[in-house]
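Presented below is the structure to which this report refers.
What follows draws every value from the coordinates through simple rules; no lab data is involved. For clarity, every value in this text was computed on a predicted model and none was experimentally measured. No Cβ is skipped: glycine too gets one built from the backbone with ideal geometry, and neighbour counts run over all protein chains shown.
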Amino acid sequence: MSEQIFHIGVKGLIRNKQGEFLLLNIDPSRLLKEKTSTWDIPGGRMEAGESFETTLAREIKEELDVSYDTKPDFFGTILTRLQIPTDRGKVALVLMLYLLTIPDNAKIKLSHEHVSYEWVDLETAIERLKDKYSESFARQMRKGVTDRHHKKLVRDNIPEIIRADNHEPIIRILSDDEYKTELVNKLSEELKEFSLDSSIEELADIAEVADALRESIGKSAEELEEARRIKNKRNGAFKNKIYLEGVK
């Protein structure tokens, strides 16, 4: 029995703050079969000497003319249904999937490979992509995205908002140590979001988490302000935009 040969591709599941995914509509003339779905996600095959993340960054730039400044989250690996004709016969395609975001104000400029793009919800994305890839891809996408969207510290009113949407949240109350750990994780999440969208709303999220962290260590707002004042007097603030390159 001959060995199976694979090509490796890297694809990006790009999600916005509304939980929608970016799908690209392929130019039909580029498809191998007429009945193949015209919808796809950004990405392509690796070139010699590239890493997975280098390939992803290159493909996103080539296909969308945008960049991302946060580390993409590895999502999983799938063996697709695609068979690529080569001079050695048909070759199967394995995809490395990454979950990532692009800045909200990014101006997408499509390459010649695609004719349009659309932001769609999770179920629509799965429906449009499952025939091109596989049912296992659909299951993996649904489970993986759900797991990443959940299992984290949320604001106090979120359970009631979920119930108002006719769903039942599965929650537990954290211990003090768990709470502090999850607040730090939440702060990291909010900082990442602020780096993509420097709005007053995102800054308010950071301030809310910072205030909860203050309370978690048993300090008052006055004590925090006094500590800030002392540090400012000793080391200064950050108003002069000074960047330390080094010391001679």
- request: Return the residue satisfying two criteria in turn: it lies in the range 174-197 and is surrounded by 13 or more Cβ atoms within 10 Å (Cβ to Cβ), acidic (Asp, Glu) and in contact (Cβ under 8 Å) with a residue 24 or more places away in the chain, and of such residues it is farthest from ALA210 (Cα to Cα).
  value: ASP197
query: Counting just the residues of the range 170-215 that are under 30 Å from PRO103 (Cβ atoms) and in a loop (DSSP other than H, G, I, E, B), which one comes out farthest from the chain's Cα centre (by Cα)?
result: SER199
statement: Residue pairs qualifying under the 6 Å Cβ cut-off, at least six apart or on distinct chains, with the first in the range 120-133 being over 19 Å from GLY43 (Cα atoms) and the second being not β-branched (Val, Ile, Thr), are ASP121/GLU20
message: Regarding the range 220-230, can at least one residue be identified that is under 28 Å from PRO103 (Cα atoms) and among the small types (Gly, Ala, Ser)?
response: no
task: Only residues that are β-branched (Val, Ile, Thr) and within 15 Å of LEU153 (Cα to Cα): list them for the range 186-227, please.
output: ILE206, VAL209
query: Taking the range 208-232 as the region of interest, how many residues are in contact with an Asp or Glu (Cβ under 9 Å, 6 or more places away or on another chain), surrounded by 12 or more Cβ atoms within 10 Å (Cβ to Cβ) and farther than 27 Å from PRO72 by Cβ?
result: 3
